[in-house]
Amino acid sequence: MSEVSGIGLNALLARVPSVERLMSSALMQPSIDAYGRTQVLAAVRATLDERRKQIQSEPVRASAASLDEADIASDVARMLAQRAQSHVRAVFNLTGTVLHTNLGRALLPDAAVRAVVDAMTHPVNLEFDLEAGSRGDRDDLIDDLICELTGAEAATIVNNNAAAVLLTLAALASRKEVIVSRGELVEIGGAFRIPDIMSRAGARLREVGTTNRTHLKDYEEAIGARTAMLMKVHCSNYAINGFTKAVELDALAPLARAHGLPVAVDLGSGTLVDLAQWGLPREPTVRETIAAGADLVTFSGDKLLGGPQAGIIAGRKDLIARIRKHPLKRALRVGKLTLAALEPVLRLYQAPEFLRERLTTLRLLTRPATEIRAAAERVMPALQQALGERYSVSIEPVFSQIGSGALPVDQLPGYGLVVRSVSGKRSGSALLKLEKSLRALPRPVIGRIADDALRLDLRCLEAGDEARFIAQCAELRA
Ligand SMILES: *Cc1c(COP(=O)(O)O)cnc(C)c1O
């Protein structure tokens, strides 16, 4: 019971320890050592303000703890720890979407991580030609590698694929027309829409065909004096089925060539290898696209490629030269960390035998269902025990997605933990509550609620993270 009851409000407030007293107390020293006096002072002031307000609003409930120095010190320490927690945090991606844009897309392989650490902590030859001993160009560091892997004559790298498309249009089609099929005027999400990008780049969109059918003669009739280029856009995140017709690149390229116009292809995900060899759905590779007649191809670094966020433009040397010279290139260029990460990722493609094992994205996409099931069996007991009797946890087959617009209609068979609320009627709110507690764990767990169950797809829980997942399950119980 409150030992301070019966004391007047002012007397109570006078018992709140002073800022000076707390700051010089041994109780505060560990916090001062960890966070520095400035932050501790601010936290002490905020905590004491809170205590005084509490006492003023509910003096009868003010207990000895409200005034206790050790209690105040632990509140201060908690506040400081909370404020120091990084805002960019590692999470468990159990959504079932491997390349999840909201969760940062591709995870980098070890070789890329080491290269980034090196580039972060040492000077690098970013724009310095080591052979000539003079100024170099950052694009020259890895354009050879991109050309080798794609068959392109030249390449340049920018901040992301949206930037690659923007820059291509700005450099080659400003104040001119770009012909695109109405079936390819896509919105990728995050406000990337082909018509908008086109107008931002100062190019005029010339739509041809209809949503479901576009013919070669539609392109042909649209070509005129103002045409700068023909463009094809990969329908990354949707599929049109039924009565459809699109003009394939190998038919479009000769038409463009006959009129002296370039064809640009925005591949979106842009894989460098035929994924069918690992049982994944087929996607056109960058090399095939160039061989089929694309003068320029744009694609992302952090989708199927499995590297850092970047946009790659590969294709004809004269066109790449114009793109590199455009003033927007300077604004959209990548930093040294991106280049450092991208190079080792590209090098993995030079040894395709090891790719499945070493390229994290591919390893996750091709992870055998039996292996995922075995992982589910190892982690299931810990989750069931933590959740108690109010929830049932079962291992069930699930279908994961590649994500990031790659191959939207195909799904990968795997296993997941499926959590259902036993309470029946209030099951919806119980699941939402559980989902929230999972997000509040030290390493937040992100799952998905569907069909009255919380689904944790274990495809992306690799062996190295399993122990951590199991260990933190215990905190759910608390
Ligand atoms: C994903 C995608 C983009 C945007 O790429 P970012 O790397 O996210 O900027 C552009 N076009 C297509 C077809 C895409 O799939």
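For the chain, which longest stretch is free of loop sites, where a loop site is one of the trypsin sites (Lys or Arg not before Pro) that DSSP puts outside H, G, I, E and B and that has at most 15 other Cβ atoms within 10 Å? Numbers along the way, then the final one.
Working: sites that count: 89, 175, 226, 282.
Looking at the chain, 283-478 is the longest stretch - no exposed trypsin sites (Lys or Arg not before Pro) with at most 15 other Cβ atoms within 10 Å.
For region 32-72, which whole-number percentage of the solvent-accessible area (1.4 Å probe, protein heavy atoms only) is attributable to carbon and sulfur atoms? Let's see the in-between values first.
Numbers: 1150 of 2420 Å².
With neighbouring chains kept in place, the figure for region 32-72 is 48 percent.
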- Counting Lys and Arg as +1 and Asp and Glu as -1, each charge on the Cβ, what is the dipole of region 348-428 about the Cα centre in debye, to the nearest 20? 320 debye
- Given H placed on each backbone N at 1.01 Å, which residues far from residue 301 in sequence or on other chains put an amide H within less than 5 Å of it? 161, 310, 311, 312
- Solvent accessible area, Å² - residue 244, 1.4 Å probe, full protein context: 60 Å²
- Query: Considering amide H positions built from the backbone, and no H for Pro or chain starts, which residues 5 or more places from residue 97, or on another chain, come under 5 Å of its amide H?
  - Reply: 401
- Query: Amide H neighbours of residue 128 under 5 Å, counting only residues 5+ apart in sequence or on other chains, H built in-plane at 1.01 Å?
  - Reply: 136
- Note on the structure: Sparse-neighbourhood loop hits (chymotrypsin sites (Phe, Trp or Tyr not before Pro), region 232-281; DSSP loop; Cβ within 10 Å at most 13 others) -> 238, 243
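Using only helices, what value at 222 nm comes out for the chain when you add -39,500 (n - 2.57) per DSSP H run of length 4 or more and divide by the total residues, to the nearest 500 deg cm²/dmol? Numbers along the way, then the final one.
Numbers: 21 runs with 211 residues, N = 478.
Per the formula, -13000 deg cm²/dmol.
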- Query: Mind listing the Cα extents of region 243-302 along all three principal axes, in Å, largest one first?
  - Reply: 39, 31, 17
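Can you sort 377, 207, 283 by 1.4 Å-probe accessible area, starting with the largest? Walk me through the numbers before you get to the answer.
Details: 377 95, 207 75, 283 10 Å².
From most accessible down to least: 377, 207, 283.
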- Item | Cβ charges +1 (Lys, Arg) and -1 (Asp, Glu), total dipole of region 244-298, debye | 80 debye
- Item | Size of electric dipole in the chain: Cβ of Lys, Arg +1 and of Asp, Glu -1, about Cα centre, debye, nearest 20 | 1220 debye
- In whole Hz, what ³J(HN,Hα) sequence does region 157-170 give by Karplus (6.51, -1.76, 1.60; θ = phi - 60°), x for Gly and Pro? 10, 10, 4, 7, 5, 4, 5, 5, 5, 4, 5, 4, 5, 5
- Message: At 1.4 Å probe size, put 460, 473 in order of accessible surface, largest to smallest.
- Response: 460, 473
- What does the convex hull of the Cα atoms of the chain come to per residue, in Å³, rounded to a whole number? 216 Å³
- Task: Over the chain, calculate the relative contact order: mean separation of alpha carbon pairs under 8 Å at least 6 apart, over the residue count, as a percent.
- Result: 18 percent
- Expected vector for region 70-81, Karplus 3J(HN,Hα) from phi with 6.51, -1.76, 1.60 and θ = phi - 60°, integer Hz, x for Gly and Pro, equals 5, 5, 5, 4, 6, 5, 4, 4, 5, 4, 5, 5
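Where a ≥ b ≥ c are the square roots of the eigenvalues of the C-alpha gyration tensor, would you call region 96-154 rounded, which needs a/c under 1.5, or, failing that, prolate if a/b is larger than b/c, or oblate?
Here region 96-154 falls in the oblate category.
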- Read phi for every residue in region 224-230 and hand back ³J(HN,Hα) as whole Hz from Karplus 6.51 cos²θ - 1.76 cosθ + 1.60, θ = phi - 60°, with x for Gly and Pro. x, 5, 8, 5, 9, 6, 9
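Diagonalise the Cα gyration tensor of region 315-394 and give the resulting equivalent ellipsoid semi-axes, square root of 5 times each eigenvalue, largest first, whole Å.
Values: eigenvalues 418, 72, 22 Å².
Working through the eigenvalues yields semi-axes of 46, 19, 11 Å.
The values are calculated or read from the model by the stated rules, or taken from the named source; none is laboratory data. As the structure is a computational prediction, the values presented were derived from the model and not from experiment. Methodologically, a virtual Cβ is constructed for each residue, glycine included, from the backbone with ideal geometry; neighbour enumeration extends over all protein chains shown. Side chains are part of the model used for accessible areas, which takes the heavy atoms of the whole protein and leaves out ligands, DNA and RNA. Shrake-Rupley method; radii C 1.70, N 1.55, O 1.52, S 1.80 Å.
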